[in-house]
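No value in this document is a laboratory result; all are computed from the given coordinates. Note that this is a predicted model, so its numbers are computed, not measured. Don't worry about glycine lacking a Cβ; one is built from the backbone with ideal geometry, like all the others, and counts go over all protein chains shown.
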Amino acid sequence: MNNNKPTMIRRPPTVVCYICGREYGTKSISIHEPQCLKKWHTENNLLSKELRRQEPKKPEVRAISAKGFYDLDALNEAAWTSAQSQLVPCNVCGRTFLPDRLIVHQRSCKPKAAK
Ligand SMILES: [Zn+2]
Ligand SMILES: [Zn+2]
């Protein structure tokens, strides 16, 4: 009797935080998310009016795909997009940064002297 199971080597699944865009384990994401949102609010309140952002919305994705398993890829992609929308473009060079990084960046980002 052939009892050999195909061995599937998988990375433990990770979930992308929709606020900061970093990856967390499926267990730690539920701990991280409320903390991340709290931190987000603290940071957002410290920003000048122009840099303040809309609170990130948790993306609504069909959690169960047609195949019947948790569609983590789609969820992560939506979360990543949500996290990216938190970035603010530099009005000089157009690159996007987190607001606190942008402030630091703009100290050294000087418009090229127009001739
Ligand atoms: Zn986060
Ligand atoms: Zn710049």
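What the table below lists for this structure:
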{"read-out": "Stretch gain in nm, segment Arg52-Ser85, where the contour uses 0.36 nm per residue and the Cα spacing is subtracted", "value": "10.6 nm"}
{"read-out": "Calculated FRET value between Asn44 and Thr14, using beta carbons and R₀ = 30 Å, to 0.05", "value": "0.70"}
{"read-out": "Sequence-distant residues sharing a close amide H with Val15 (under 5 Å, placed H)", "value": "Tyr24, Gly25, Thr26"}
{"read-out": "Asp71 long-range amide H proximity, modeled H, under 5 Å", "value": "Ile64, Ser65"}
{"read-out": "Note, ³J(HN,Hα) from phi for region 40-50, Karplus 6.51, -1.76, 1.60, rounded to Hz, x at Gly and Pro", "value": "4, 5, 4, 5, 4, 5, 7, 7, 5, 3, 5"}
{"read-out": "Net charge of Cβ neighbours under 14 Å - reference Arg53; Lys, Arg +1; Asp, Glu -1", "value": "+1"}
{"read-out": "From phi via Karplus (6.51, -1.76, 1.60), per-residue ³J(HN,Hα) for region 92-105 in Hz, x at Gly/Pro", "value": "9, 9, x, 6, 9, 9, 5, x, 5, 5, 4, 4, 5, 4"}
